[in-house]
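The values are calculated or read from the model by the stated rules, or taken from the named source; none is laboratory data. Being a predicted model, the structure only gives us computed values, none of them experimental. Note that we place each Cβ from the backbone using ideal geometry, even for glycine, and neighbour counts take in every protein chain shown.
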Amino acid sequence: MKIIVITGATSGIGNLLAKSFANRGCIVFAGYRNSDLKTDLVKISDNVIPFYIDMSKRDTILSAAKFILDKTDKIDTLINVAGCVFAGPMECLAVDKIREQFEINTFSHLEFTQGLFDKLRGGKVINISSMASFGIFPFIAPYCASKRALDILFNSMQMECAKDIKIVSIKPGVIKTPLWAKSIEKNQGALGENKKYEKEFDFLMKNAAKNEHKGLNVQKVVNFIIKIEGLNNPKPSYTIGLDAKFAEIFSHLPQSWINFVVHKALNARMSKL
Ligand SMILES: NC(=O)c1ccc[n+]([C@@H]2O[C@H](COP(=O)([O-])OP(=O)(O)OC[C@H]3O[C@@H](n4cnc5c(N)ncnc54)[C@H](OP(=O)(O)O)[C@@H]3O)[C@@H](O)[C@H]2O)c1
């Protein structure tokens, strides 16, 4: 019986992964931060063991790792899913917000993985990164940088301990999940008193609202992740979706070309508003 650990199991990709692995007979340790959602996890199946973890609070990361280590002798796969999007212009976005983004999307995942490492030997870590990791999107730099840093830190871990563990980064394009509605709520006040970027930010928020209804079907993404989880020798990185594949190729162009095209495309799309 496989043992799977999933953070961010209360919504979107993580929730569907928890249900799918539990239905396949795996034992699933499922992470929640909102206690109201714990009962939903319990209801999935007896195979689901909820654990509390808030990626922005270090003590909960350490206690979550201890909770899991006390209950199992091995972990087949850890899937680091939990994440959110912080947006704003670099000119005025509070640096503390960027720190918080890195805590939630990057450092917490590393610390949690380190905490579980001994029982992960011979197993896998699958990180849900993003096409944002290719770093070509303005106004969501905290999100892009946090995903990029996640990929770099874990890829280094892979090079350092290839014999112990397999590490995979999944980089999807836009997926229909509640992530985007939550990001609109989270980033409402990001401009503060600064009116300079109002038009760009308004565009960004409208675009985020559309994302929840367009993009990849979450079930397809989950099926793909389950397939990767079952491979003996997965690749270190997978890009899912046409938008993500385009972003990957585009990111290899010279930086001056990327900046020129992104600037033009943003202005063209905003003028259509
Ligand atoms: N949707 C997309 O277009 C897309 C594309 C590429 C990559 N991704 C990545 O996929 C992952 C899952 O996102 P999703 O689309 O499934 O979004 P989602 O439905 O919002 O799920 C995010 C999950 O992370 C949890 N979470 C957020 N902040 C947390 C914190 N501080 N501590 C603990 N848990 C926290 C959420 O908990 P609550 O239920 O309490 O909010 C939720 O369970 C994220 O890492 C995201 O960056 C998403």
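A few points about this structure:
- Boolean, ILE126 is outside any loop (DSSP other than H, G, I, E, B) and within 21 Å of ILE6 (Cα to Cα): yes
- Of all residues in segment 130-148, exactly one satisfies the criterion of being more than 11 Å from the ligand (Cβ to nearest atom) and within 12 Å of SER169 (Cα to Cα), namely ARG148.
- Annotation: of all residues in segment 105-117 being farther than 19 Å from ALA141 by Cα and out of contact with any Leu (no Cβ under 8 Å at 6 or more places or on another chain), the one that is surrounded by the most Cβ atoms within 10 Å (Cβ to Cβ) is PHE117.
- Residue check: GLU198 meets all listed conditions (1) at pLDDT below 95; (2) in contact with a helix residue (DSSP H, G or I) (Cβ under 6 Å, 6 or more places away or on another chain) but one, namely (2).
- Note on segment 6-57: residues that are within 22 Å of VAL221 (Cα to Cα) and aromatic (Phe, Trp, Tyr) amount to 3.
- Meets criteria (more than 21 Å from LYS97 (Cα to Cα), touching a Lys or Arg at 6+ places or on another chain (Cβ under 8 Å), aliphatic (A, V, I, L, M) and buried (at least 20 other Cβ atoms within 10 Å of the Cβ)) for ILE167: yes
- Flag if GLU193 is closer than 27 Å to ILE98 by Cα, acidic (Asp, Glu) and within 16 Å of the ligand (Cβ to nearest atom): no
Let's see how each residue does on (1) surrounded by fewer than 15 Cβ atoms within 10 Å (Cβ to Cβ); (2) at pLDDT below 95:
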position: HIS213; (1), (2): yes, yes
position: LEU231; (1), (2): yes, no
position: GLY241; (1), (2): no, no
position: ALA247; (1), (2): no, no
position: HIS252; (1), (2): yes, no
position: GLN255; (1), (2): yes, no
position: ILE258; (1), (2): no, no
position: LEU273; (1), (2): yes, yes
